[in-house]
Each structure stands twice: as C-alpha cells, then as structure tokens.
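Throughout, read-outs are computed from the coordinates displayed, never taken from laboratory work. Only a predicted model underlies this, so the values are computations on that prediction, with no experimental measurement involved. Cβ placement follows ideal geometry from the backbone for every residue including glycine, while neighbour counts extend to all protein chains displayed.
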Amino acid sequence: MSNLEPEISPPMTRTSAFSQEHKVYLRRLKMEKQWILFIQVVIFVVAIALWEICANAKIVDPFITSQPSRIIKTIIRLYEEGVLFQHIGITCLEAFVGFVSGTLLGTLIAIGLWWSKFLCKILEPYLVVFNSLPKIALGPVFIVWIGAGPAAIIVMTLAISLIVTVLEILNGFLAIDAEKIKLIQTFGGTKLHILTLVVLPASLPTIINALKINVGLSWVGVIVGEFLVSKAGLGYLIVYGGQVFKLDLVMTSVIILGVAATLMYQGVVFLEKLLVKNNL
Amino acid sequence: MNHLVEVHNIGMKYQSLNGEITALEDINFSVQDGEFVSIVGPSGCGKSTLLSIISGLLVSTAGTVLLGGEKVTGTSGKVGYMLQKDHLFNWRTIYQNVILGLEIRKMLTPETKERALRLLKTYGLYEFKNKYPNQLSGGMRQRVALIRTLVTDPQILLLDEPFSALDYQTRLMVNDDIYAIIKKENKTALLVTHDIAESISMADRVVLLSKRPGTVKQIYAIKVNCANRTPLYSREAPEFRHLFQEIWKGLDVHV
C-alpha cells in the first residue's frame, strides 16, 4: 500500500545545540544591526548639533535657516498659546479622513471595475486622463464648489489619492491566478463568492501597499489644501510663517509634519503585520 | 456496470479575431461507475477543455455530456475537480481550506463537518488541521486538495494534470497516495495527463486523443498483472513497457 503517513520535515530547532560557526554568524548579524542603529543616531545628533553650532556662530543666518533651539522654543510658545495641538489635530484629522475615505472609495470603485469588464473598458480613457491630470489644478474649483473649509481640503486629498488607489488595487485584482477563480467555479461558486473568498483576501497585500502609497499622498493633499484655503493646521502655519518671514514657524511645522506622517505610515505597517500574517 | 459519464459527439470551437479554432471534434467515450480512465494526448489537443466541458464549466459548441443519465448544463455537485496546482488558500487553515467547497455549496452541516474531520484523520492530516498551507510539503498539500474535493462527495473526480506541478519523486509518491485514496473512497475518476507512464500506471482504460482538432484516436484497456495494483507496482508489471510502446506510437510525436 502507499504511504499515507504525513511526510513533513521536523521543525527547525532554534535552541542552543548549534555549532560554534553558527554562534559566530549570529553574533556578526547582531553586531551589524547595532552598528547600523549607532550610525543612524550619530548622523541625527551630528546634524542637529552642526545646525545649532553653525547658527550660533553665525556661519548660517538663523533668521533664514532657523535652528533647533529656536524650533523647541517655538513649539513651547505654540503650546503655551494653546494652539499647538489644535493645529496638529486639524491637519491630522483631515489627513486621516482623506486617507480612509480615499482607500475605501478606491477599493469600492476597483471592485466595481473588476465586477464589470464592460464598465472598465468604458471608463478606461477617463481614468487615464484623471490619472495624468495634476489634481492640484482642481484646487480652486473645489474651493468654489465646496467652500473654503476642511471639506474642500478633504476633497483635495481624495482627488490626489483616489485614482492611484483604484488603479493599484484593480491591478492587484486582475493579477490573481485564474486557476484560483476556476477552483471556486468548480464548486459552483458565484461572482460574489469569487470576490469574497479569493479576490479580496488574496489582494490584501496589494491593498496594504495602496495604503502605504496613500499615506504619503494624503499628506500632500492636506498640505496643498491648507495652502489654498485654511485658517488653521500645519499647512496654514507653513504658509503664514513664509509670508511673515517667520522661518522658525515654518521649520517647526515641517518637522512636526514629518513626525506625524511617519507615525501614520508606521500605523499602516503595524496593520500589515496584523493582517498579512499568512498571506504569502 | 452502468455508464456514469457518457460523452456524445462533443465538439468545441473557439472564436478569435484571427478566425476560428477547432479544439475538439466529435469526441465519444464513456466512463463506467468505479472506473479510472486516463485521457492522454499531445499538448494543445484540448484535454483540459474536454474536462471543463464535462464538469459544466464550459459549454461545448456541439454534442452532449450525460452524467448519471442527466444532461450536463452547468456545474453540479456530482463533479469534483482537481486542478494542476493545489491552490490552497494561504490565508485559510487546512481545515478551512478543506471545507471551502462545502461553504460555497451551502452544505456546511454538523455531518459534513464531521466528514471533513474524518477524512483529515484517515489521511494523516488531522494534527495539521489548524496549520496553514505553507507549513505543509507539496505532497501533503495535494492530499489536502483531494480531500477538499472529496468532502463534497462527488460522483466523479475530474483530475486535470494534478501531478504536473510536482517534482518527479514527489510525483510518483503522490500518484500512489491519490490513487489509494480514490480507490478507498470508491470514486470514479477521469485523469487528464500528458505523461504516458502515469496514465498507464493509474488507469483501467486510456483514451488517446489526436493532435488538434482533438478527437479520440484509440482507447486502450489497461490490464496489468500484479498482485497488489498500485501505480508504482504497475510500472514494474511486464505489460507496462508494451503498453507504453503502443501508446507512444499512437501519440505519433515528431520533433
């Protein structure tokens, strides 16, 4: 009779019973990791220190370049005036709403285009035009239509991220192995079965990838939107600071923006680790 | 014995911008209950197309297929289909993969769940039921794929080159494995392959298709003398070499 016993290799043992060479190998890996972290920290510290020293020694003009100590002072001043978290909050909220709605709407549209090849063919030239168009050009239109406020900024964000999301996710949908779809059909599955059992779960990595791209695009949309219309937010502070030549304010806002955008990106990376455990 | 599958004058034409391709022409054969039939033919002769037509996934442009006396008009629970690759879903556990067909056919009941677990137990996969497919070897994955097909209790299994994605050693072993399971579960099977040796080693009859347009060239009855017939032992039977030569000539391959 044939062998019906499970044939699986024993799992790799991870514990101590390793050769000297392996220990050396592990140590070298660890060393490299530590070195990389060390150099990263050194670059950061040296850059900040150089900036501060050069500004203090008047090698560069701190009025133009600002300097770390002035940035910290600006943050403290904004905090004391009670507006720091208001500006950060408004910008983050707009970015988050734009990001989430762009992703959801983009996924929904991608599902629609996947569902009907006919619709997809009809809409293709329009998608190409909207994808090529610099969406920022639509800014004034949105302000007139929607009014100068957070809603116009969110729509700006949507306009920038939506088409990219649709195309990215649709490509993911279309790249799914036709045989996997056939498998569902052999069980008499419907199109809805194909969507929910194969297409969506198999596209999870693609959707996460779209999220990562969207994080960046959402911030672009929000800042552009705030440049155009806002009365509050980090983008507003940057424009205002530029106009009245308060470069401290501009630099402070840019740095806060960098931190906020990175945190949001890390949020998506965390989500990815949570969701895409067994996907490939 | 009664005919479980009857294929009558099946023809298939594909339309394309460059014209019309006749993939299959006037195919006739039948499969008896409990029989294991292989279909061999040169690549591109429409073997897989034929399976898709029998399963109801594809509508032929001529002829009819009868399954248990009823005309095939679409996919049905009577047919179990096994594809080239196992296509286990990485985001589902082994058990969740096995019950995929039950879920789609809305057949998830305590009894069918019980059957799924029983099959996993019988074929040595029970302890892996909560593992994910990437933790299993190629042979085990193919076995899971077969169980996924068997658990919906089909009358006939259509095997569309289910071994071709495996390396040679695994393939010989999985041949034996799948054959044993099919025989143990008393299933009728129709195997499509381009591997002559594989077709002889597993089948009771071999249907040879011609080059495109594919049509039945010859049907060989496979009788091998070995006490305990398994695909691997069949390869050692004295008749094996003989049958191989005969089918090889019939295939008429030119480089």
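Some observations on this one:
- Residues B:Leu88, A:Leu197 arranged by fewest to most Cβ contacts within 10 Å: A:Leu197, B:Leu88
- Unit charges at the beta carbon, dipole of the protein assembly as shown: most positive-side option, B:Gln96, A:Gly233, A:Leu162: A:Gly233
- CD proxy at 222 nm, helix term only [per DSSP H run n ≥ 4: -39500 (n - 2.57); per residue of the protein assembly as shown; nearest 500]: -18000 deg cm²/dmol
- Among the listed pairs B:Lys85/B:Lys106; B:Lys13/B:Lys183; A:Lys273/B:Lys187; A:Lys30/A:Lys58; A:Lys180/B:Lys129; A:Lys33/A:Lys212, those with a Cα-Cα distance over 32 Å are B:Lys13/B:Lys183; A:Lys273/B:Lys187; A:Lys30/A:Lys58.
- 3J(HN,Hα) along the stretch B:62-70: 8, x, 9, 10, 10, 10, x, x, 9 Hz, from the Karplus curve 6.51 cos²θ - 1.76 cosθ + 1.60 with θ = phi - 60°, whole Hz, x for Gly and Pro.
- For a straight C-alpha distance cut-off of 16 angstrom, the aspartates and glutamates reachable from B:Lys223 (same-chain residues fewer than eight places away being disregarded) are B:Glu35, B:Glu198, B:Asp204, B:Glu236, B:Glu239, B:Glu246.
- Between 0 and 90°, nearest 10: helix B:238-251 axis offset from chain B longest Cα axis: 60 degrees
- Separation of the A:Ala49 and B:Lys71 label points, Cα + 7 Å toward Cβ, nm: 8.8 nm
- Average projection, convex hull of the Cα set of the protein assembly as shown: 36.8 square nanometres.
- Rg/Rh (Cα only; Kirkwood hydrodynamic radius) as it applies to chain A: 1.11
- Rounded to the nearest 20 debye, dipole of the stretch A:47-140 from Cβ charges on Lys, Arg, Asp, Glu: 220 debye
- Phi to ³J(HN,Hα) by Karplus 6.51 cos²θ - 1.76 cosθ + 1.60 over the stretch A:225-230, Hz, x for Gly, Pro: x, 5, 4, 7, 10, 7
- Phi to ³J(HN,Hα) by Karplus 6.51 cos²θ - 1.76 cosθ + 1.60 over the stretch A:233-242, Hz, x for Gly, Pro: x, 5, x, 4, 4, 5, 5, 4, x, x
- For B:Thr61, the amide hydrogen comes within under 5 Å of the amide hydrogens of B:Gly11, B:Met12, B:Lys13, counting only partners 5 or more places away or on other chains and with H modelled in the peptide plane.
- Likely footprinting exposure, A:Val250, A:Val100, A:Val222, fewest C-beta neighbours within 10 Å first: A:Val100, A:Val250, A:Val222
- Positive-end extreme of charge dipole, the protein assembly as shown - chosen from A:Val215, B:Ala145, A:Cys120 (charges on Cβ): A:Val215
- Förster radius 56 Å - calculated FRET efficiency between A:Val41 and B:Ser164, Cβ distance, rounded to 0.05: 0.55
- Restricting attention to chain B, close to 55% of DSSP beta bridges with both partner residues there are antiparallel.
- Cα-centred dipole magnitude for the stretch A:20-60, charges only on beta-carbon of K, R (+1) and D, E (-1), debye, nearest 20: 200 debye
- Trypsin sites (Lys or Arg not before Pro), loop per DSSP, at most 12 other Cβ atoms within 10 Å - longest free stretch of chain A: A:59-230
- Among B:Thr109, B:Thr193, the ranking by other beta carbons within 10 Å of each residue's beta carbon, starting with the fewest, stands as B:Thr109, B:Thr193.
- Debye log10 I(q)/I(0) at q = 0.11, 0.15, 0.18 Å⁻¹ for the stretch A:131-280, Cα point scatterers: -0.58, -0.87, -1.06
- About the centre of its Cα atoms, the stretch B:137-231 shows a dipole size close to 220 debye [charges on the beta carbon of Lys, Arg (+1) and Asp, Glu (-1) only; nearest 20 debye].
- Inter-chain Cβ neighbour count for A:187-194, averaged per residue, equals 5 (cutoff 10 Å, partner chain atoms only).
- Loop-located chymotrypsin sites (Phe, Trp or Tyr not before Pro) across the stretch A:140-198 with a Cβ neighbour count of 16 or fewer within 10 Å are lacking, with loop assigned by DSSP.
- Average partner coverage of B:81-91, which counts Cβ from other chains inside 10 Å: 5
- Between 0 and 90°, nearest 10: helix B:168-184 axis offset from chain B longest Cα axis: 80 degrees
- The Cα atoms of the stretch A:20-60 cover 56, 8, 8 Å along the three principal axes, with the biggest extent listed first.
- In chain B, taking the dipole from charged Cβ atoms about the Cα centre, the farthest positive-side position among B:Pro238, B:Leu157, B:Val72 is held by B:Leu157.
- Mean projected area (nm²) of the alpha-carbon convex hull when chain B is viewed from all directions: 15.0 nm²
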